[in-house]
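Below is one structure, written out as structure tokens; the observations come after it.
The values are calculated or read from the model by the stated rules, or taken from the named source; none is laboratory data. Nothing here was measured: the structure is a model prediction, and the numbers come from that model. Note: accessible area is taken over every heavy atom of the protein model, side chains too, but ligands, DNA and RNA are not part of it. Shrake-Rupley method; radii C 1.70, N 1.55, O 1.52, S 1.80 Å.
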Amino acid sequence: ETLNRMIARLQASLRALRRFTADASHELQTPLTVLRADVERAMHPTTPQADRFVALEEAIQEITRMADLVDSLLTLARADEGRFDLHRAPIHLEPIVRDVTETATILGEDAGLVVTLPLVEDAVVLGDAARLRQLFLNLVPNALQYTPRGGKVEMTLSHRNNNAVAFAVRDTGLGISAADLPYVFERFWRADRVRSRATERGGFGLGLAIAQWIVQAHGGTLSVQSRLGRGSVFTVLLPMLV
């Protein structure tokens with residue numbers, strides 16, 4: 001029974017590795033194809049000067065997307081191997097949350113959304129400030145991208161009874177079906193890939209996976225509650241310093 005369990009875990013790991021490699025290759029294939037087409041268009045002798053500049057601008061955008069993907073993959077790979085050091089120190093969360101809210105407000109204005117921060121209860125945690133900011137920011141795009149114009153995104157920072165602090169992001173967006181909820185933190189997973197490519201503006205389905213790693217590295221948890229057509233709530237729980 002012990003050998004069978006070990007073999008089953010190895011098989012699951014190999015399947016996950018093959019799927020991860022295939023997904024990464026697929027995500028790189030599209031920007032590489034676009035990049036090649038843009039460069040060829042810019043190099044063609046009959047292409048007007050203005051069109052060459054447009055092609056080169058598009059090429060730079062695709063290079064940026066690939067660089068973001070590679071950076072995310074490196075982050076997850078180092079996390080898997082335990083080679084990613086966190087610079088822990090006592091951190092006040094309120095300034096980080098307010099900074100993230102300002103960024104979300106700017107993004108929300110472009111998308112026609114109302115972003116609010118109705119509750120902020122400061123807390124001190126032992127953590128890496130840069131990674132915690134990345135964690136909170138990674139939760140914002142999902143709320144903004146899947147909430148129709150005129151909708152609302154709400155963020156809160158509040159204390160919990162078990163010496164924990166909760167950062168929650170609520171939206172009035174499209175929501176996630178019950179069948180899809182177990183998979184939202186998987187790498188490269190997206191409930192609707194066609195819809196995602198049209199709305200994510202360069203997203204690769206890695207933001208939530210990175211967010212979950214950051215939370216776990218800080219001894220916390222990341223959970224989601226959602227109903228299709230009624231929005232979603234992503235909640236981060238982190239232990240407070242007392």
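Stick to Cα atoms and the Kirkwood definition of Rh, then tell me Rg/Rh for the chain.
Using Cα coordinates only, the ratio equals 1.02.
Averaged per residue, what accessible area in Å² does the chain show with a 1.4 Å probe, protein chains only?
I get 58 Å² per residue for this part.
Work the Kirkwood hydrodynamic radius out for the range 86-140: mean of 1/r over every pair of different alpha-carbon atoms, inverted, in Å. Show your work: numbers first, answer last.
Numbers: mean 1/r = 0.0835 Å⁻¹.
Kirkwood radius, the range 86-140: 12.0 Å.
For ASN162 and ARG227, calculate 0.36 nm times their separation in residues minus their Cα-Cα distance, and state this gained length in nm to one decimal.
Roughly 20.7 nm would be gained on extension.
Would you kindly state how much longer the chain becomes between VAL54 and VAL70 on full extension, computed as 0.36 nm times their sequence separation minus their alpha carbon distance, in nm to one decimal?
Taking VAL54 through VAL70 to full extension adds about 3.3 nm, to one decimal.
Rank these by accessible area, largest first, 1.4 Å probe: GLU40, GLU62.
The ranking, largest first, comes out as GLU40, GLU62.
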